Amino acid sequence: MDSLISLSLAEHPKGGILQKVAIGFMALSLLFFILFCTNVVPVSDGLKVMLTFGVGSLAGILYAIPLFREKAGIRNNHIMFDKITARGIPAFALGIFLTGFYVVLYWFPWMMEGMIRAVDPLSNFLRHEPADQWFLYGTMYTVAILVMGIRFIAKYRHSRYQVIRTISVMFFQFGFAWLLPSFLKMLNQPEFYFSYFWPLKYDYLFPGTIQGLINNGGLGVFMVFWGAAMTFIITPILTYKYGKRWYCSWVCGCGGLAETMGDPFRHLSDKSLKAWKIERISIHSVLVFVTVTTILLWVNSAFEGAVLGGASGIFSQVYGFLIGSIFAGVVGTGFYPIFGSRVWCRFGCPMAAILGIIQRFRSRFRITTNGGQCISCGNCSTYCEMGIDVRWYAQRGENIVRASCVGCGVCSSVCPRGVLKLENLDYENRINSEPVMPGNKALDVK
Ligand code: SF4
Ligand code: SF4
């Protein structure tokens with residue numbers, strides 16, 4: 001029977017032997033990582049890096065090779081049945097591994113001392129100082145985005161938009177979030193991330209951070225200026241012109257990881273109205289939290305601590321622990337295989353909340369739909385990582401103007417009928433000129 005060619009339109013061959021080998025290599029590299037963290041096996045630093053980073057990267061590349069040979073585009077091949085992409089036992093095992101990794105990274109870094117020391121040579125070369133857990137993490141993060149970025153490009157190479165924006169997130173992660181901060185360290189300058197701004201990098205507008213940068217002199221003053229200009233001027237302008245996609249899908253490292261490493265899990269996002277309701281409460285609560293914290297710190301600083309004492313500091317510590325560590329790290333990435341790839345971006349990121357408000361009420365960006373062409377296949381809704389029921393709009397020929405849409409464009413890339421178009425044109429030039437929010441009405445009715 002195996003020799004017969006299936007005539008099913010839904011049937012596609014599975015990855016074959018190469019992808020099985022790749023998964024085996026990936027499991028092996030994770031195993032090596034755990035072993036080398038504990039220093040149980042005495043091997044040289046070079047060998048440790050080769051067996052973890054090297055074997056893991058090789059696994060990612062081997063996994064991508066069949067995609068280059070196949071026809072470009074989405075594959076619905078077993079994605080709802082494979083245990084790793086359909087919340088099976090391997091998915092939970094991976095989720096537990098990732099969650100455990102973040103717990104150790106944030107609170108028990110000494111448990112990965114062996115791997116931290118393994119990247120000392122690289123850290124000494126780039127930063128002129130030994131590695132810490134954040135350098136190890138940044139390096140792993142960057143390698144993951146680069147390798148899985150190649151896989152993503154292989155899969156969506158038919159779409160120029162997907163190729164260019166993936167190269168963009170790879171560039172910003174490698175250059176702006178990894179290499180540049182390392183060079184700054186080497187030059188004894190503050191470790192500043194030019195691609196992150198308040199409120200995502202919540203302490204960049206805290207009075208203590210600003211004072212520290214100003215005390216550093218010329219470059220520090222420029223960093224303060226850069227952070228403030230990006231938050232208050234450039235971000236609103238770019239979001240007005242292009243929607244939140246300019247940041248969430250082209251620049252941000254969190255989005256970069258979600259789009260590349262998280263791509264196999266994007267269909268797991270919850271599309272229900274209930275999830276949408278929770279999302280709006282949760283993300284705006286985080287935004288209020290970080291805004292209040294920042295204001296309190298400034299009030300405290302203005303009165304030299306006379307009014308609030310140490311209370312404002314407690315806010316910032318609680319925020320850092322609950323949101324910065326648990327939400328953004330442990331839950332946001334650890335739960336990829338269970339809740340999809342954009343849990344943090346959708347439910348927690350305060351930057352996404354601000355960009356979303358601008359996008360919803362004051363932006364030229366929207367997705368227009370040519371409803372007459374829609375065959376209701378549901379590909380768009382299935383692969384929307386932000387849980388937007390894109391088909392609902394497409395069936396009605398309505399524009400999609402949703403605060404949460406990160407403009408990844410995957411809905412458009414997987415649509416077999418060319419129904420969806422990401423646009424920045426003036427209102428008058430859109431297919432439909434009136435943005436509607438039918439989901440809100442549905443929520444109100446409930
Ligand atoms: S609606 Fe489309 S562009 Fe927006 S987040 Fe979902 S898949 Fe991406
Ligand atoms: S818009 Fe395209 S992908 Fe979405 S249901 Fe219609 S035909 Fe399918």
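Some points to look at:
- GNM flexibility winner over the chain from His128, His267, His284 (Cα, springs under 10 Å): His128
- Over all distinct Cα-Cα pairs of segment 197-311, the Kirkwood formula returns a hydrodynamic radius of 16.8 Å.
- In summary, the chain shows an alpha-carbon radius of gyration equal to 1.02 times the 2.2 N^0.38 Å reference for compact globular proteins.
- Diffusion coefficient of segment 19-93 by Stokes-Einstein, Kirkwood radius over Cα pairs, 25 °C, 0.890 mPa s: 175 µm²/s.
- Alpha-carbon centroids, segment 232-247 and segment 39-109: separation in whole Å: 33 Å
- Axial C-alpha extent at least 20 Å, average Kyte-Doolittle at least 0.0 - helices from the chain (DSSP): 17-37, 55-69, 89-107, 133-155, 273-302
- Virtual paramagnetic centre 7 Å along Cα→Cβ of Ile237, amide N under 19 Å, in segment 331-355: 355
- Sorted by Cβ neighbour density within 10 Å, fewest at the top, the residues Ile17, Ile400: Ile17, Ile400
- Among Lys244, Lys48, Lys271, Lys20, a tally of other beta-carbon atoms within 10 Å of each Cβ gives an order, fewest to most, of Lys20, Lys271, Lys48, Lys244.
- Sum of side-chain charges, Gly46 neighbourhood, beta-carbon under 14 Å (Lys, Arg +1; Asp, Glu -1): 0
- Dividing the summed helix terms, -39500 (n - 2.57) for each DSSP H run of n ≥ 4, by the number of residues in the chain produces a 222 nm estimate of -16000 deg cm²/dmol to the nearest 500.
- Unit charges at the beta carbon, dipole of segment 268-376: most positive-side option, Val331, Gly320, Leu308: Val331
- The ranking of Leu126, Leu308, Leu420 from fewest to most other beta carbons within 10 Å of each one's beta carbon is Leu308, Leu126, Leu420.
- Think of each Lys and Arg Cβ as +1 and each Asp and Glu Cβ as -1; about the Cα centre, that makes the dipole of the chain roughly 1340 debye.
- Its residues counted as N, segment 327-433 yields a C-alpha radius of gyration over 2.2 N^0.38 Å of 1.11.
- Across the cross-link table entries Lys48/Lys155; Lys185/Lys241; Lys241/Lys271; Lys185/Lys244; Lys83/Lys271; Lys20/Lys244, which are compared at the Cα atoms, the separations over 29 Å belong to Lys48/Lys155; Lys185/Lys241; Lys185/Lys244; Lys20/Lys244.
- Given charges at beta-carbon only (K, R positive; D, E negative), |dipole| of segment 363-429 in Debye: 120 debye
Every number here is computed from the coordinates shown, using simple stated rules; none is lab data. Computed from a prediction, not measured in an experiment: that's the story for all the values here. Cβ atoms come from the backbone with ideal geometry, glycine included; neighbour counts cover every protein chain shown.
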